[in-house]
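Following: one structure in structure tokens, then a few remarks.
The values are calculated or read from the model by the stated rules, or taken from the named source; none is laboratory data. In this text the structure is predicted, and so the values were computed from the model without any measurement. Using ideal geometry, Cβ is built from the backbone for each residue, glycine included, and neighbour counts are taken over all protein chains shown. These accessible areas exclude ligands, DNA and RNA; they are computed on the full protein's heavy atoms, side chains included. Shrake-Rupley method; radii C 1.70, N 1.55, O 1.52, S 1.80 Å.
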Amino acid sequence: MGTGRIIILGIDGLEYNLVEEWNLEYIKQKAYSKTDLSDFEVIVTPPIWASMLTGRKIPEIEEPFIKRQKFIANKGNITKVKTPWYVKLGAKVLPLSIRKRIGDAMTPDPFKETYDYLLRTKKYRTMFDYFEKTWTNGVPSYGRNVSNQEVKEAMYAAVKGNLRPLLEYAFRMYERDRKALFEALEGDYELVFWYTPFLDEISHFLIRKKLKLMNVYFDINKLVRKVSDRLEENDVLYIISDHGMEPIPGDPRGGDHSDHGFFSSNTGEVIEKPQELFDIVVRKRKLKE
């Protein structure tokens, strides 16, 4: 029997350890795994999603983030990029906010530079190129900018202690994306790649507020259940995150990206690295032929 549709739920910031802790069975599906991000010099959104779409690391997408990281001395655990001596010196006398402004002035915004790189350049084949009928609401590097001006302003307010603008924005966009997902599931598509930055946006600030975050995770678990209920025989459902989130002492937001991601399938398949998503999707496409 051939495969039906391939549906991918891309949930930015979904933390493997919290899915385990709260035993979220619909997110876990038939099999699940903790993905290894050690291939990436910077654990940040666009390069990892680009690797899922293409099956390889894209240096033109990762390099702007590496360059940007050189100007931030207190990096937490999201990067292997070494800090130049002059930045270390500056870190002793300049606050992080000033260093970030210097970094912004000396390097272009890497999110703005790369958000549509794969679409714009068509330099690399993506999984979408292997199907005739595809749908996506935008994936980082493929038409989705997760760091637009409204998000930046809301994040800045949240760091200052006012979470309301960020939560209102995140929930509003999440509702819009959820509606789009269920409309897409009614369509005649061979590949559906849905993406939401919702969990990443709020988890930076709620990672230490476990009860509030647990409610959000349970809501996402219900969303997956609703998607599962709409699957037809032979449909494939993959759930994937680029990275998770963990509390980071000293981080003004409360938390930052963890050094692993999440993957699950309704088929029993697992992957070890995010770029392997491309391989299993394309392999399924070829099985249909």
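Structure summary
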{"item": "Computed over region 132-289: relative contact order in percent, which uses C-alpha pairs under 8 Å that are six or more apart", "result": "19"}
{"item": "5 angstrom amide H check on residue 195, placed H, neighbours 5+ away", "result": "10, 137"}
{"item": "5 angstrom amide H check on residue 35, placed H, neighbours 5+ away", "result": "261, 262, 263"}
{"item": "Beta bridges per DSSP with both ends in the chain, % antiparallel, nearest 5", "result": "50"}
{"item": "Within region 153-246, trypsin sites (Lys or Arg not before Pro) in DSSP loop having at most 10 other beta-carbon neighbours inside 10 Å", "result": "160"}
{"item": "Charge dipole of the chain about the Cα centre (unit charges at C-beta), most positive-ward option of 111, 130, 32", "result": "111"}
{"item": "Which of 21, 41, 15 is most accessible, then next, and so on - probe 1.4 Å", "result": "21, 41, 15"}
{"item": "Charge dipole magnitude, Cβ of K and R +1, D and E -1 - region 192-289, Cα centre, debye nearest 20", "result": "320"}
{"item": "Given 30/57; 28/152; 57/286; 57/179; 160/210, the pairs whose alpha carbons are separated by over 25 Å", "result": "30/57; 28/152; 57/179"}
{"item": "Accessible area expressed per residue, the chain, with surrounding protein chains retained (probe 1.4 Å, Å²)", "result": "47"}
{"item": "Surface accessible to a 1.4 Å probe, residue 163 within the full protein complex, Å²", "result": "30"}
{"item": "FRET efficiency for residue 228 and residue 164, using Cβ-Cβ distance with R0 set to 35 Å, rounded to 0.05", "result": "0.60"}
{"item": "Length-normalised contact order for the chain - Cα pairs under 8 Å, 6+ apart - percent", "result": "40"}
{"item": "Mean residue ellipticity (222 nm) of the chain, computed from DSSP H runs ≥ 4 via -39,500 (n - 2.57), nearest 500", "result": "-14000 deg cm²/dmol"}
{"item": "Hits among aspartates and glutamates - C-alpha to C-alpha of residue 212 under 16 Å, sequence gap 8 or more where chains match", "result": "15, 21, 168, 200, 201, 246"}
{"item": "Rounded to the nearest 20 debye, dipole of the chain from Cβ charges on Lys, Arg, Asp, Glu", "result": "980"}
{"item": "Accessible surface of residue 58 - all protein chains present, 1.4 Å probe, nearest 10 Å²", "result": "10"}
{"item": "Built amide H within the under 5 Å cut-off of residue 13, gap 5+", "result": "242, 243"}
{"item": "Pairwise FRET efficiency - residue 218 versus residue 133, Cβ, R0 = 41 Å, nearest 0.05", "result": "0.80"}
{"item": "For a label point 7 Å along the Cα-to-beta-carbon line of residue 56, residues of region 114-130 with backbone N under 15 Å", "result": "118, 122-127"}
{"item": "Listed residue (184, 146, 18) projecting farthest to the positive dipole end of the chain, Cβ model", "result": "146"}
{"item": "Signed unit charges on C-beta, dipole axis of region 170-289, positive-most listed residue 198, 250, 267", "result": "250"}
{"item": "3J(HN,Hα) from dihedral phi, region 147-163, Karplus parametrisation 6.51/-1.76/1.60, rounded to Hz, x for glycine, proline", "result": "10, 7, 4, 5, 5, 4, 5, 5, 5, 4, 5, 5, 4, 7, x, 9, 7"}
